Amino acid sequence: YALVALRTIRPGHSDNLLILVLPFIALLSAIGAGWLVKMIPLPTHITMPVILMILIIQPLVLSVQVVEMFSQRDTRHVMLDWIHNNIPYDSRFFLNGAYNVPLDIALYPYEQQFGIYARILPEGNDYYYMIYSDALAFDILRSESVVPADLITYHRDYLVELDRRFSRLAEIHRPIWTGSDAMMNMATYWHNPTLILYCLNPTSCQQVGQK
């Protein structure tokens, strides 16, 4: 038989290609488990349950953590509640980065930079607040082994520049769990990004909490 996988630009975004090899991995695991049972000098009724538990525990630990994460409110909705409670309506927002806070444009007019982070940072005359989502940066920084070094440096320096120019008002960090920083883990890319809310001028900083 032949196994063919198409080359992709970002291996970290190719977890769907695992579907092609999972049946063969499962078959090899079954063969290996059978061999292990024969090699261990213990009765089969003891070795079989022990090996079965070993095979189940690792994926079960990851699955339980994912289910627990999805049972909680997404960081974007937590930040949205904070904004509704503390930021006056009609304040103009700049959403910097993909998978950002789902603002209602009727309450908070906004523009969003989705594909990449804004090369030219917003001015305080045009917007009152900016929300930075780390979804893109997190995905790039955890893929250091396949991403050019200058791109890694750029995304680290970008956040430093935001903190230098603007004041943080609130931040909500992504939940951390086993395997969350693995390059192939797409569940931690699309969900629960770290969000940082900045005020862009002195007036908007002073208006926080004055609803």
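The values are calculated or read from the model by the stated rules, or taken from the named source; none is laboratory data. This is a predicted model, so every value here is computed, not measured. Positions of Cβ are generated from backbone atoms using ideal geometry, with glycine treated the same way; all protein chains shown enter the neighbour counts. Ligands, DNA and RNA are stripped out before the accessible areas are found, and what is left, the full protein with its side chains, is counted by its heavy atoms. Shrake-Rupley method; radii C 1.70, N 1.55, O 1.52, S 1.80 Å.
Some notes on this structure:
- For the stretch 142-164, the set of residues classified as surrounded by 11 or more Cβ atoms within 10 Å (Cβ to Cβ) and not in a helix (DSSP H, G or I) consists of Arg142, Ser143, Glu144, Val146, Val147, listed by residue number.
- Residue within the stretch 185-194 that is open to solvent by less than 80 Å² (accessible area, probe 1.4 Å), hydrophobic (A, V, I, L, M, F, W, C), touching a helix residue (DSSP H, G or I) at 6+ places or on another chain (Cβ under 7 Å) and closer than 21 Å to Leu136 by Cα present: yes
- Put simply, of Leu60, Leu95 the only residue that is outside any loop (DSSP other than H, G, I, E, B) and touching a Ser or Thr at 6+ places or on another chain (Cβ under 9 Å) is Leu95.
- Qualifying positions in the stretch 105-141 - open to solvent by 30 Å² or more (accessible area, probe 1.4 Å), closer than 30 Å to Asn185 by Cα and part of a loop (DSSP other than H, G, I, E, B): Phe114, Gly115, Ile116, Arg119
- Scanning the stretch 201-208 turns up no residue that is closer than 18 Å to Ser71 by Cβ and either of a type in the set (Phe, Trp, Tyr) or surrounded by 13 or more Cβ atoms within 10 Å (Cβ to Cβ) (or both).
- Considering Val67, Val50, the condition of being in a helix (DSSP H, G or I) and either in contact with a Gly (Cβ under 8 Å, 6 or more places away or on another chain) or under 17 Å from Arg174 (Cα atoms) (or both) is satisfied by Val67 alone.
- Selection over the stretch 17-69 of residues that are of a type in the set (A, V, I, L, M, F, W, C) and closer than 22 Å to Ala182 by Cα gives a count of 19.
- Pair list, Cβ under 8 Å, 6 or more apart: the stretch 99-113 residue under 14 Å from Pro88 (Cβ atoms), other residue of a type in the set (Asp, Glu) and in a loop (DSSP other than H, G, I, E, B): Leu107/Asp90; Tyr108/Asp90; Pro109/Asp90
- Filter result (free of Cβ contacts under 8 Å to residues at least 24 places away in the same chain and either within 40 Å of the chain's Cα centre (by Cα) or open to solvent by less than 60 Å² (accessible area, probe 1.4 Å) (or both)) within the stretch 26-42: Ala26, Leu27, Leu28, Ala30, Ile31, Gly32, Ala33, Gly34, Trp35, Leu36, Val37, Ile40
- With respect to (1) open to solvent by 40 Å² or more (accessible area, probe 1.4 Å); (2) without any contact (Cβ under 8 Å) to a residue 24 or more places away in the chain, the lone exception for Asn85 is condition (2).
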